[in-house]
Amino acid sequence: MGSAGCRRTPLDLPLSAAQLVEGQPWLVAQQGADAVLIHLDARRLIARVPAADALSARLQFTPDGVRVLVFGEGQRQQRLDTRRWLLLEP
């Protein structure tokens, strides 16, 4: 049997509040004022959403079937395209 040791993901700053994205190998966490998205399989940071609350993140689908990670509510809502890891225009 093989070893199932822990592997670390190097980050530039520590993380605070964090949550897993249901059904995905992603961790959304607070890093300072920004929300960061870490891919747990690749063990690296894949997106940073400026001035966003990590605990407000939720996965939604657009009418054309694109997965979007949404942060915040109402006018302060930010949407992250999970195909290209880019913020979408409001």
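Every read-out reported here was derived from the displayed coordinates using simple, explicitly stated rules and does not represent laboratory data. The model shown is predicted, which means the values in this text are computed figures rather than measured ones. When we count neighbours, we look across all protein chains shown, and the Cβ atoms used for this are built from the backbone with ideal geometry, even at glycine.
Given DSSP loops and a limit of at most 10 other Cβ atoms within 10 Å, what is the longest stretch of the chain that contains no such trypsin sites (Lys or Arg not before Pro)? Answer - 9-82.
Of the residues Q24, L45, V68, the one whose Cα sits farthest toward the positive end of the charge dipole of region 18-84, with +1 on the Cβ of Lys and Arg and -1 on the Cβ of Asp and Glu, is L45. Computed on the chain, with alpha-carbon pairs under 8 angstrom and 6+ residues apart, the relative contact order is 17 percent. Relative to the Cα centre, the charge distribution of the chain, modelled as +1 at Lys and Arg Cβ and -1 at Asp and Glu Cβ, gives a dipole magnitude of about 280 debye. Pairwise Cα distances in region 1-54 exceed 19 Å for 28 percent of all pairs. Can you give the Rg/Rh ratio of region 18-84, where Rg is from the C-alpha atoms and Rh is the Kirkwood radius? Ratio of gyration radius to Kirkwood radius for region 18-84: 0.94.
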